[in-house]
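Engineer: The structure follows.
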Amino acid sequence: MNAVLKSAANDTAWPLQARGIVHAYEGRYVLQGVDLTLAPGSVLGLIGRNGAGKSTLIRALLGLLQPQAGEAFVFGEPALRMSDASKVRIAYVPQQPDALAWLSAAQMFDYLSRFYPKWDRAYAQRMLDRWQIVPNKVMAKLSPGERQRVDLIRALASQPDLLVLDEPVAALDPVARRELLREIALRAGEQGATVLFSTHIVSDLERVASDIAFLHEGKLLLHCATDDTKECYARLWLPADQAVHVPADALSRRRHDDGSVSCVVARDAGARWPDAANRPGARIDALGLEDLFVEIAE
Amino acid sequence: MNAAKLFLLPWWGAPTLTRGLIGGLLAILMLIFIVVAATGRLGAREMYGAWCFIDLLAWALLMPNALVLARDARALRLPALERDAVLSLIVYAVALIVVPGLLIPPPASLTSVQTLLSFALFAAVPLAYMCLPGYLAAFIIVGWLILNQLSPNLAAVANMMNFTVWAAPMLLVLLLAIAWSWRRTVRGAIAAASHSAPMVLKLRMSAWKGSDKADIAQVRQRPDWLRAQPDLRRCGPEFPQQSLRVVLGGLFLPQRWTSRLRTWLWAVLWSSLFVAFMMLQAWSRHPQTGWLWRAGLFATLAWGIGFGASMVALISVLRLGRVWQNVTGELPLLALLPGLGARGDLLRAMLAPPLYTQLPLLALSLICALSLHLRPAALAFVLLTQVGAIAFVVVFVLLIAGGKLPNKWLVSVLGCAGFVLVSVSLFVPTLSDASTIRLPAGNLADWLIAGWLALGAILFCLGLRGWRGLVQRPHPFLPNGT
C-alpha cells in the first residue's frame, strides 16, 4: 500500500481502540479485559472512582504503558509502535502535568511549535493573556492550576485530531473549567476533533460528553451515548420476598437492612427491562447520571 | 523505649534506598575496620584516622534523620517519639564517640581527652552541616575545610596549637547551634522547601518524592539570574538529539555559553576559594618547601576531580531514573513528540552530556597525576575511577532506557562497592607514599584490581541486560516500575 492510500486508510480508522486490555500493579489488577472504541468526532467522558484504572487505561490507549495483555490502536496503528504521522495528530494532558518545569510557558510553546505543523501561535498567546499567565515566568514557579492551564493551552494549540485529557479540570477554578469545556465542545463540534477525557465531575460529562464510559474496578461496566443513559439504565428495587430474582447481569446490587434489594439494570436489545421488573412489588426508578454513577460505584 | 529501639530510630527516619546505601556503606567500612584492626596491621594513627572517617559518615548520613523523625513526631503529636529521637542521638554518641574513644589507643601526640574531643568534632561538624539552616551550613563547610586540612597532621598540630583550647569551645558552639536549629526545625518554624531549611529536610524532600517534584522545587528555589537559559535554537524533529536534551533537563539541558558560565559560577567560586585556602594553608606551614604544598594541592585536586567525576555520573543517572519513573512528567511528552523515537538518537542524547563533562575532568585528573609524578600503576588507579564513572553512566543509561533496572538492594550494594573502590583507588595512590599504612602495597593493588574486575564484570552483565531490554521494548519511553 502506498503512503497516500495508507494515510487515507488511517484517516478512516478509529481514533482510539482498546481490545482486551489487562494490566496489574504489584499483583492487583487495575484493568481486566477492557474493550473500548472511540468514534471519530465523539467526546467520550471516562468516569470512575479513584483507583478505578482511568489513568492507566488512558496511558495504555496512547501506548504510554505496555499492558500485560490486550492491545490498543491509535488511528489504526498499534499504540506502542505509533508513527510520527499519528503522533502529530495527538495531544495528551496528564493529570498534574510536571513536564519541562525549567522552561517558561513562552519557551515551552516555542519549543513545541516546531513539532506541530498546525501549531496556532495566536491561540496560544490569546489564551495566555486571557488566563493571565506570565509567559516568561519559569513553569516551576507557576501554581498547579496555572501549570495545568499552560498544558491545556499547549495541547489545544497543536490543533490535534485526537485530544486526550486525564482529569483536566482538577486544578481549575469554575470559570476556567467552563471555558475549557466550551473549548472542548467547540473543537469537537466545529473541527471534528475526537476527545477523551476522564473526570469525577458528573455535571461536566452532561455538559460536553457525547458518550460516557464507566470504569469500575478495572472493568468497563457501561459505555453508551450520554443522552441514552436515562433511557437505557435504571434502578430496580425488589422487595425482600423477591430478592432472589435479581437479574444475573445487573450492573450492581445492594441488599438493604429490611432484606430488599436494589440493583442497576439495563434494557435488552428489544428495549425491555429484565423480567424481574415485572415481579410483584418490584419498582423501576429512573436515574440521573450522578445517581447512576453513585449507585454502581457504591 | 529500650536501647535497641533507640538504635533503630535514625534508620526509621531515612528513606528506604538511602537506608540501604548508608547501612551497606557503614557495614562494609566497619567490617574492613574491625578485620584489619584485628590483624594488628593498623597503627594507632591509622585506626584513629579510619574511625574519624567512619564517624564522619555516620553523623553526616544517618544521625540527621533523627531530626526528620522528631519533626514528624511533633507534627503527629507523638511527644514520646520526639523525645526518643533526641535520646537516640545520645545513645549513638556513646556508641560512636565515647566507646571508641576509650578503646582506640590515642595517636602518639594526642591525649585520650583530645582523641575523644576530636571524635566528637568529627560527629558534630557533619551533624551541624545537615541540621543547621542552609545559609549557616556554608560556614560549616569552611570550618570543615579547616578541620580537614588539619586532620592529616592533627596529631602533630595538636601540641602546637593547643588543640583542646580551640576544639572544646568550637564543639560547644556547634552543639548549641545544633540545639537551636533542632528546636526551630522540630517546631515547624521553617518549610522544607525554604532557603533556610536544614540540608537533611531538603534531601529528604528530594528522596521521598523521588520524582520530578524535587527538580521542580530546586528550579523554583533558584533565583532567576542563576537559572539555566536553554538554547532552543536547533530544536525540532530535524534535531532529535538537541530536542531530547531539552526535555531531559538538568545536566542534559542545552544552554548557551553565557548561561552555562553563569550557572557554574558558584561552583567555580567555591572551588577557587577552596584552592586558595589550600595554598594559603600549605604555604603558611611550609613557606620554604614549595614542592610540598604543590604536591598536597595536586593530590587534593586529583581526589576532588575523581569524586567529582563520580558525582557527575551519579547525578546524571539519578536524573534519568526520575524521568523514566514519572508518568506525568517528561516521559509522555517524549513518547508522543514526533521525530524523537529513534533509539540511537536517544542514547546519544543521554550519554553525550555526562561523557563530555567527564572529558575535561579526565584531562585535569591526568595533569594532577603527572604533576604528582605518580607511578604508572598508581596513575592507572586514578584514571580507573573515571573509566569506572563512565562505565557506570553507560550501563545505567542502558538499564533505564531498556526498563531493566535491578532492584534497589543490588543498586545499593553496587553503589557502596563503587564508593569504596573509588575512595581507595584515589586515596592510596596519592597518599600511600607518605603514609605509614602497613598493608603491603602489592596486596592492596591486587585487591583493587580484583574489585574493579568484579565490578566491571557485573556492570558488563547489567549493560547487556539493559541493551537487550532496549531492543525488545516497543519504544524506549515506557515508564520503569509499572
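Engineer: Got a sec to turn the phi values of the range B:120-128 into Karplus ³J(HN,Hα) couplings, 6.51 cos²θ - 1.76 cosθ + 1.60 with θ = phi - 60°, whole Hz, x for Gly and Pro?
Structural biologist: Coupling constants for the range B:120-128: 4, 5, 5, 8, 6, 4, x, 5, 5 Hz.
Engineer: For the protein assembly as shown, what does -39500 (n - 2.57) per DSSP helix run (n ≥ 4), summed and divided by total residues, give at 222 nm, in deg cm²/dmol to the nearest 500?
Structural biologist: Numbers: 31 runs with 450 residues, N = 780.
Taking each H run of at least 4 residues, the total per residue is -19000 deg cm²/dmol.
Engineer: Counting other beta carbons within 10 Å of each Cβ, put B:Ile54, B:Ile32 in order, fewest first. If you can, show how the numbers build up before the last one.
Structural biologist: On the way: B:Ile54 18, B:Ile32 14.
So the ranking, lowest neighbour count to highest, is B:Ile32, B:Ile54.
Engineer: What dipole magnitude, in Debye to the nearest 20, does the range A:232-297 give about its Cα centre under +1 on Lys/Arg Cβ and -1 on Asp/Glu Cβ?
Structural biologist: Numbers: 8 positive and 10 negative charges, 28 e Å.
For the range A:232-297, the charge dipole is close to 140 debye.
Engineer: For B:Val165 and A:Lys137, what does the FRET efficiency come to when R0 = 45 Å and r is the distance between their Cβ atoms, rounded to the nearest 0.05? Don't skip to the answer; put the middle values down first.
Structural biologist: Values: r = 54 Å, r/R0 = 1.19.
Efficiency, rounded to the nearest 0.05: 0.25.
Engineer: Still on this structure: Given H placed on each backbone N at 1.01 Å, which residues far from A:Leu287 in sequence or on other chains put an amide H within less than 5 Å of it?
Structural biologist: A:Arg235
Engineer: Arrange the following residues from fewest to most other Cβ atoms within 10 Å of their Cβ: A:Lys87, A:Lys118. The partial results should precede the final answer.
Structural biologist: On the way: A:Lys87 24, A:Lys118 12.
Ordered by Cβ neighbours within 10 Å, fewest first: A:Lys118, A:Lys87.
Engineer: Averaging the inverse of every distinct alpha carbon separation and then flipping it gives the Kirkwood radius. What is it for the protein assembly as shown, in angstrom units?
Structural biologist: Values: mean 1/r = 0.0332 Å⁻¹.
About 30.2 Å, per the Kirkwood formula over Cα pairs.
Engineer: Tell me which residues come under 5 Å, amide H to amide H, from A:Gly70 once H is placed; ignore anything under 5 positions away on its chain.
Structural biologist: A:Val22
Engineer: For chain A, what's the relative contact order in percent, using C-alpha pairs closer than 8 Å and at least 6 residues apart?
Structural biologist: Details: 555 pairs, mean separation 56.8, N = 298.
After rounding, I find 19 percent.
Engineer: For each of B:Val219, A:Val265, count neighbouring Cβ atoms within 10 Å of the residue's Cβ, then give the residues from fewest to most.
Structural biologist: Numbers: B:Val219 20, A:Val265 23.
By the 10 Å Cβ count, ascending: B:Val219, A:Val265.
Engineer: Which whole number gives the average, over all residues in A:93-99, of C-beta atoms from other chains lying within 10 Å of the residue C-beta? Write down the numbers at each step before the final one.
Structural biologist: Numbers: counts 2, 7, 2, 3, 4, 12, 12.
Per residue, the average neighbour count from other chains is 6.
Engineer: How many angstrom lie between the C-alpha centres of the range B:66-99 and the range B:314-346?
Structural biologist: 40
Engineer: A further question on this structure: Sequence-distant or interchain residues sharing an amide H contact under 5 Å with B:His475, placed H: which?
Structural biologist: When sequence neighbours closer than 5 places are left aside, there are no close amide H contacts.
Engineer: Hand me the tally of lysine pairs in the protein assembly as shown: alpha carbons under 13 angstrom apart, and the pair either on different chains or 8 or more positions apart. All intermediate terms of the calculation are to be shown ahead of the outcome.
Structural biologist: Numbers: A:Lys54/A:Lys219; A:Lys87/A:Lys118; A:Lys141/B:Lys213; B:Lys202/B:Lys213.
Here the count comes out as 4.
Engineer: Moving to a separate point now. From the phi of every residue in the range B:29-37, what ³J(HN,Hα) in whole Hz does the Karplus formula 6.51 cos²θ - 1.76 cosθ + 1.60 yield, where θ is phi - 60° and glycine or proline is x?
Structural biologist: Result, ordered by residue: 5, 5, 4, 4, 4, 5, 4, 5, 5 Hz.
Engineer: Let me ask something else. Provide the per-residue ³J(HN,Hα) series for the range B:388-398, in order, calculated from phi with Karplus coefficients 6.51, -1.76, 1.60 and θ = phi - 60°, each as a whole number of Hz, with x at glycine and proline positions.
Structural biologist: Once rounded to whole Hz, the list reads x, 4, 5, 4, 4, 4, 4, 5, 6, 4, 5.
A short reminder: the numbers here are calculations on the coordinates, not readings from a lab. Computed from a prediction, not measured in an experiment: that's the story for all the values here. Heads up, the Cβs are rebuilt from the backbone with ideal geometry, glycines too, and the neighbour counts pull from every protein chain shown.
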